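The values are calculated or read from the model by the stated rules, or taken from the named source; none is laboratory data. Source: prediction; values computed, not measured. Note: ideal-geometry Cβ built from the backbone for every residue, glycine included; neighbour counts use all protein chains shown.
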Amino acid sequence: MTQQMDRTLTVSWEDPTPGAEIARTMSGLEYLRTMANGELPAPPLARLVGFGLHEVEERRVVFECEPGEQHYNPIGSVHGGLACTLFDSAMGCAVHTALPAGTGYTTVELKVNLLRPITVQTGRLLCEGKTIHVGGRIATAEARLFDEAGKLYGHATTTCMIFRGEANGDSVGEGAS
């Protein structure tokens, strides 16, 4: 066995509590636009995994991510969990853009189809999430993961539960973003 040099990754983030409190006072669309333009910090998970909001509009968001070695599984390709995290975030945030202030959501179900391996050579990935239906208690959304050339790497659907105007502040902001 050959000796290899260890690689390191340093991650820093800001306290997520103030952002979560602000989220309760803004519509989902306003909140995510504020985050996308840098007025609010990215959530710790986005910093840890290395992805961010690229586009935000009503009922649609796009995340971007550059796969790296730190995302690899033991067989030399990016772990499927990276794609699942991007899907869950994009679909949840697409739903969030359709919600008024004080309304929360959480993922109930996630269905993912991975179509081809992702490696460092894949380059920048874009994950587009769009709502299908946003009702009183249930929302559904879909997402597609593709590279800059438009090659499709996977697609997914989700069901989210919506918490509208509930007194329990713990339910607001439980989404995957």
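What are the pairs with Cβ atoms under 8 angstrom where one residue, in segment 151-163, is more than 24 Å from LEU115 (Cβ to Cβ) and the other, located anywhere, is surrounded by fewer than 22 Cβ atoms within 10 Å (Cβ to Cβ) and small (Gly, Ala, Ser)? Sequence gap at least six, or different chains.
Pairs found: ILE162/GLY135; ILE162/GLY136; PHE163/SER171.
Can GLY38 be described as on the phi > 0 side of the Ramachandran plot, small (Gly, Ala, Ser) and surrounded by fewer than 16 Cβ atoms within 10 Å (Cβ to Cβ)?
Spelling it out, GLY38 is indeed on the phi > 0 side of the Ramachandran plot, small (Gly, Ala, Ser) and surrounded by fewer than 16 Cβ atoms within 10 Å (Cβ to Cβ).
Give the residues of segment 28-48 that are under 18 Å from THR106 (Cβ atoms) and not in a helix (DSSP H, G or I), sorted by residue number.
Of everything in segment 28-48, just one residue is under 18 Å from THR106 (Cβ atoms) and not in a helix (DSSP H, G or I), namely PRO43.
Say we look at segment 32-69 and pick out the residues that are among the charged types (D, E, K, R) and farther than 19 Å from THR122 by Cβ; which of these is modelled with the lowest pLDDT? Talk me through it step by step, then tell me what you get.
Just the residues of segment 32-69 that are among the charged types (D, E, K, R), to begin with: 33, 39, 47, 55, 57-60, 64, 66, 69.
When the remaining residues are screened for being farther than 19 Å from THR122 by Cβ, the result is 33, 39, 47, 55, 57-60.
Details: ARG33: 98, GLU39: 94, ARG47: 97, GLU55: 98, GLU57: 98, GLU58: 98, ARG59: 98, ARG60: 98.
Residue satisfying both the conditions and the ranking: GLU39.
Which of the residues that make up segment 123-139 are out of contact with any Pro (no Cβ under 8 Å at 6 or more places or on another chain), more than 14 Å from GLU58 (Cβ to Cβ), hydrophobic (A, V, I, L, M, F, W, C) and touching a residue at least 40 places away in the same chain (Cβ under 8 Å)?
Result: LEU126, CYS127.
Of everything in segment 129-157, what is in a strand (DSSP E or B) and within 18 Å of GLY104 (Cα to Cα)? Give them in sequence order. Working first, answer last.
At the first step, the residues of segment 129-157 found to be in a strand (DSSP E or B) are 129-134, 138-147, 152-157.
The answer is GLY129, LYS130, THR131, ILE132, HIS133, VAL134, ILE138, ALA139, THR140, ALA141.
Tally time: how many residues in segment 72-83 are assigned to a helix (DSSP H, G or I) and either acidic (Asp, Glu) or free of Cβ contacts under 8 Å to residues at least 40 places away in the same chain (or both)?
Qualifying residue count, segment 72-83: 3.
Specify which of the listed residues (PRO74, PRO100) is within 18 Å of THR25 (Cα to Cα) and over 14 Å from the mean Cα position of the chain (by Cα).
Going through PRO74, PRO100 in turn, just one is within 18 Å of THR25 (Cα to Cα) and over 14 Å from the mean Cα position of the chain (by Cα): PRO100.
Take GLY169 and tell me if it is at pLDDT below 95 and surrounded by 22 or more Cβ atoms within 10 Å (Cβ to Cβ).
Values: at pLDDT below 95: yes; surrounded by 22 or more Cβ atoms within 10 Å (Cβ to Cβ): no.
So GLY169 fails the test.
Would you pick out the residues in segment 18-44 that are farther than 16 Å from PHE163 by Cβ and among the polar types (S, T, N, Q)?
Those that are farther than 16 Å from PHE163 by Cβ and among the polar types (S, T, N, Q): THR34, ASN37.
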